[in-house]
Amino acid sequence: MTKNHSRFDSVPDGTRGSPVTQKVFGLPKETWRFPEGVIAFFQPVYSLFQQRVTGFEVLARVRTDSGNLLQPRQFLPFLTLEQRRELSRLMLSAGLRLLEKLDAEGYCLEMSFNVDPDFMEDRDCVPCFLGVVQGSPISAERITLELLESGDFLQGDIAVQRLEHLCETGAQIALDDIGSAYSSLLRLKNLPIKKIKLDQELVKDLAREPKIIAFVQSMKFLADGLGATLIVEGVETPAILEAMGNLSQDLVQGYAIARPMDATAFVQYLRSDPTFPRPESPGSLLGAYAAHVLRRPLLYSLSAEMSELSPVEFLERSPLLQYLRLYPSLQTKPILEAYGKLREVDQQSPQGVKQRLQEIEENLQPLLFAAIRAADEES
């Protein structure tokens, strides 16, 4: 056994690939070997509705010769196509081993792992996937293959055929980093996508860009319309987690739940029974706005139809207005006053109320967003 193999074998929860590829890569002051340096980390996916971890994503890391961990962006550009394919196989195998271990402890979870889009063009991709899965007691129904939205593969006609063949195995397909590109959105209607993962770059700065909450809501509608499940990545802070709860978003992933960890730490994390309750009422201005965005379509619908409950009466019960009244400030006072003026148009036609409501929302958004940013800076 070589020195490198000994070093690899001493790393807990590592994954070892074929010894055929032993090329040494270098970065400034860093070197590593593929596949000996590859290890698998796991990040939980949490259901706010079920109040438990329902799955995990397998994430590739590389441990350098000096012991440092590299993120994918630091090592993927150095890998060949064959090595990227091998990396996907390694992550699938690592995820299956963890599922087997968790099953033995009574935890029945699902897993997902990233697949190189170029690999999907290979006609042997399905046999390769089955070759790994059939050697495990884990059924393919518990596995999700994540494809990047920006992958050129999705633009080809062969994509539908490849993905349908994978779905026939029982596996699910997720479109990852949705929102980082646009072209594949046009093909969603034709692709057998069962999960959509919102790009973490859109969500992690939510407190500074609260308008993104409306985008998350739109993606929820899109996913529902496609019969897919939305998973929001980038839930990095308790404030963002609370906002997702008030938006009635179920599946979340990010540092507010847990950072990626090795298999041993992941098992210990599950044993600790982590719980993140859904908020009964907003605990922050960001959460209150998220609750308002969730209810806004119904508010507009009431203003356009004859209903026993008027838009103003509905608005009076809004979590946003209730929060503003409980926690008044100089910044939020104009917002309350503007909504209060809706009573002046309550007797107008439904169309008049709707138009006035939309005008108020449009004019108040800059004030509301500024108040949310100020609250985030103070916290």
Tell me, what is the Rg over Rh of segment 82-124, with Rh the Kirkwood radius over Cα pairs? 1.11
Would you check the accessible area of residue 80, probe 1.4 Å, heavy atoms only, in square angstrom rounded to 10? 70 Å²
Report the Cα-based extents of segment 212-302 along its three principal axes, largest first, to the nearest Å. 51, 32, 19
For residue 229, enumerate residues with amide H under 5 Å from its amide H, sequence gap 5+ or separate chain, H modeled in the peptide plane. 195, 196
Between residue 59 and residues 5 or more places away or on another chain, which pairs have amide H atoms under 5 Å apart, with H built 1.01 Å from N, and which residues are they? 41, 42, 43
At 7 Å along the Cα-to-beta-carbon direction for both residue 103 and residue 369, put a label point, then send me their distance in nm to one decimal. 4.9 nm
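The values are calculated or read from the model by the stated rules, or taken from the named source; none is laboratory data. All values reported here derive from a predicted model rather than from experimental measurement. Every residue, glycine among them, receives a Cβ derived from its backbone with ideal geometry; neighbour counts consider all protein chains shown. Quick note on the areas: whole protein, heavy atoms, side chains included, nothing else; ligands and nucleic acids left out. Shrake-Rupley method; radii C 1.70, N 1.55, O 1.52, S 1.80 Å.
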